[in-house]
Amino acid sequence: MKDYLVRGIVNSKNCRVMCCTTTQLVEVARQKHGLWPTASAALGRMMSVTLMMGAMNKNKEKMTVTINGGGPIGTMLATTNSDGKIKAFVANPEVHYTYNDTGKLAVGVAVGKEGSLQVIKDMGLKEPFVGTVPLQSGEIGDDFSYYFMVSEQIPSVVSVGVLVNDTNEILASGGFIIQLLPEATEEDIQYIEEKMRNFPPVSSLVNEGKTPEEILQMIFDDVEILESQDLFFECDCSKEKMRSTLITVGKDEIESMIHEDHGCEIKCQFCNEAYHFNETELQELLDEMNES
Ligand SMILES: [Zn+2]
């Protein structure tokens, strides 16, 4: 089943909703980065929310989310142009912890909670929008919920989850966001709170084959779907872009790459694709730098 998200509205309960399945794209990320299960879960949850947030952006602006909780996973970064495509990485992909009592993947332990979640939206204005909040639990869902409340003043329910099988492949991944509109009443809030009590984990629902529409219908039987968007893990790196990156390391460094290393290989941090530059290519680059 392909990954996609839907965006909708529930007029009777004064809220807007988003729901996505991201199983395939998290599996792609896992393979590219060699993510261990808890790292898969952390990055998968983060990518699900980032993609749903992207779908809220009306002008397809570029959005970058960074989480650093001081835990063993290190910095996590995801970026999208709000077009359904995402690229992301974690500093340390080989991270795996489970909670002793439940056996569940201990995302909060891997991420840590001594740090922040930052959202940067480039809306084509002079200054990008930057919202930063302290992490609450490092479990990702709670942290984004807090972000929406504090940074955007929108009370939100954020539920995300990833299931991993015995051989570490991604079984199911997805999530949903419910956001209250300003008109929401106390009854609307109570309805949502009641529904969320004992609601099954979203990853289990995705694993059962439920679609984003069906998951939302379990919460609101009168949800109106406005838009649907296919989702992919896709990187836009190229040899040309890597070449521009090389310029920033400076002439001396390139000299030594030519004479000592006889070439160089640089990896895209977002997708791990390796780009090789031989001595001739590096010399050409150096010549261009000397001319300008
Ligand atoms: Zn790349």
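The values are calculated or read from the model by the stated rules, or taken from the named source; none is laboratory data. Values in this document were obtained by computation on a predicted structure and should not be read as measured data. Note that we place each Cβ from the backbone using ideal geometry, even for glycine, and neighbour counts take in every protein chain shown.
Consider Asp222 against the criteria (1) assigned to a helix (DSSP H, G or I); (2) over 24 Å from the mean Cα position of the chain (by Cα): it satisfies all of them except one. Which criterion is unmet?
Result: Asp222 passes all but (1).
Applying the selection to the stretch 11-24, what residues are within 20 Å of the chain's Cα centre (by Cα) and either buried (at least 18 other Cβ atoms within 10 Å of the Cβ) or assigned to a strand (DSSP E or B) (or both)? Explain how you work it out, then say what you get.
Step one: filter the stretch 11-24 for residues within 20 Å of the chain's Cα centre (by Cα), giving 17-24.
Residues satisfying the conditions are Val17, Met18, Cys19, Cys20, Thr21, Thr22, Thr23.
Which condition number does Gly115 fail, the rest of (1) under 12 Å from the mean Cα position of the chain (by Cα); (2) more than 16 Å from the ligand (Cβ to nearest atom) being met?
Failing condition for Gly115: (1).
Okay, residues lined up against (1) among the hydroxyl-bearing types (Ser, Thr, Tyr); (2) touching a helix residue (DSSP H, G or I) at 6+ places or on another chain (Cβ under 8 Å); (3) not in a loop (DSSP other than H, G, I, E, B):
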| site | (1), (2), (3) |
| --- | --- |
| Met1 | no, yes, no |
| Ile9 | no, no, yes |
| Gln31 | no, no, yes |
| Thr38 | yes, yes, yes |
| Ala41 | no, yes, yes |
| Gly44 | no, yes, yes |
| Met47 | no, yes, yes |
| Thr66 | yes, no, yes |
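Restricting to the stretch 209-232, what's the tally of residues that are buried (at least 17 other Cβ atoms within 10 Å of the Cβ), more than 21 Å from Gly54 (Cα to Cα) and touching a residue at least 24 places away in the same chain (Cβ under 8 Å)?
So the count comes out to 2.
Can you pull out every residue in the stretch 89-129 that is at pLDDT below 95 and farther than 25 Å from Pro201 by Cα?
Once the filter is applied, which keeps residues that are at pLDDT below 95 and farther than 25 Å from Pro201 by Cα, the stretch 89-129 yields Lys121, Asp122, Met123, Gly124, Leu125, Lys126, Glu127, Pro128, Phe129.
Within the bounds of the stretch 210-217, is there any residue that is in the same structural domain as Asn81 (by TED's automatic domain parsing), part of a helix (DSSP H, G or I), closer than 20 Å to Thr80 by Cβ and away from the ligand (no atom under 16 Å from the Cβ)?
We begin by selecting, within the stretch 210-217, every residue in the same structural domain as Asn81 (by TED's automatic domain parsing); these are 210-217.
Filter again for part of a helix (DSSP H, G or I), leaving 212-217.
If we keep only those that are closer than 20 Å to Thr80 by Cβ too, we end up with 212.
Among the residues that remain, those that are also away from the ligand (no atom under 16 Å from the Cβ) are: 212.
Checked against the condition, which is being in the same structural domain as Asn81 (by TED's automatic domain parsing), part of a helix (DSSP H, G or I), closer than 20 Å to Thr80 by Cβ and away from the ligand (no atom under 16 Å from the Cβ), the stretch 210-217 yields at least one hit.
Among the numbered criteria (1) crowded, with 19+ Cβ neighbours inside 10 Å; (2) in contact (Cβ under 8 Å) with a residue 60 or more places away in the chain; (3) not in a helix (DSSP H, G or I), which single criterion is violated by Val95?
(2)
Tell me, which residue of the stretch 236-262 that is part of a loop (DSSP other than H, G, I, E, B) and within 16 Å of the ligand (Cβ to nearest atom) is surrounded by the most Cβ atoms within 10 Å (Cβ to Cβ)?
At the first step, the residues of the stretch 236-262 found to be part of a loop (DSSP other than H, G, I, E, B) are 236-238, 248-250, 260-262.
Now drop any that are not within 16 Å of the ligand (Cβ to nearest atom), which leaves 236-238.
Working: Asp236: 12, Cys237: 18, Ser238: 12.
Residue satisfying both the conditions and the ranking: Cys237.
Determine if the stretch 48-63 includes at least one residue that is over 20 Å from Ser156 (Cα atoms) and within 16 Å of the ligand (Cβ to nearest atom). I'd like the intermediate steps shown before the answer.
Filtering the stretch 48-63 down to residues over 20 Å from Ser156 (Cα atoms) leaves 59-62.
With the extra rule that they be within 16 Å of the ligand (Cβ to nearest atom), the set shrinks to 62.
Yes, the stretch 48-63 has at least one match.
So that you can scan it fast, the table gives a plain yes or no per residue for (1) at pLDDT 95 or above; (2) of a type outside the set (Lys, Arg); (3) away from the ligand (no atom under 16 Å from the Cβ); (4) surrounded by fewer than 12 Cβ atoms within 10 Å (Cβ to Cβ):
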site	(1), (2), (3), (4)
Ser204	yes, yes, yes, no
Asn207	yes, yes, yes, no
Glu234	yes, yes, no, no
Gln269	no, yes, no, no
Glu279	no, yes, yes, no
Leu286	no, yes, yes, no
Ser292	no, yes, yes, yes
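Quick one: in the stretch 25-54, which of the residues that are without any contact (Cβ under 8 Å) to a residue 40 or more places away in the chain and within 14 Å of the chain's Cα centre (by Cα) is surrounded by the fewest Cβ atoms within 10 Å (Cβ to Cβ)?
Thr50
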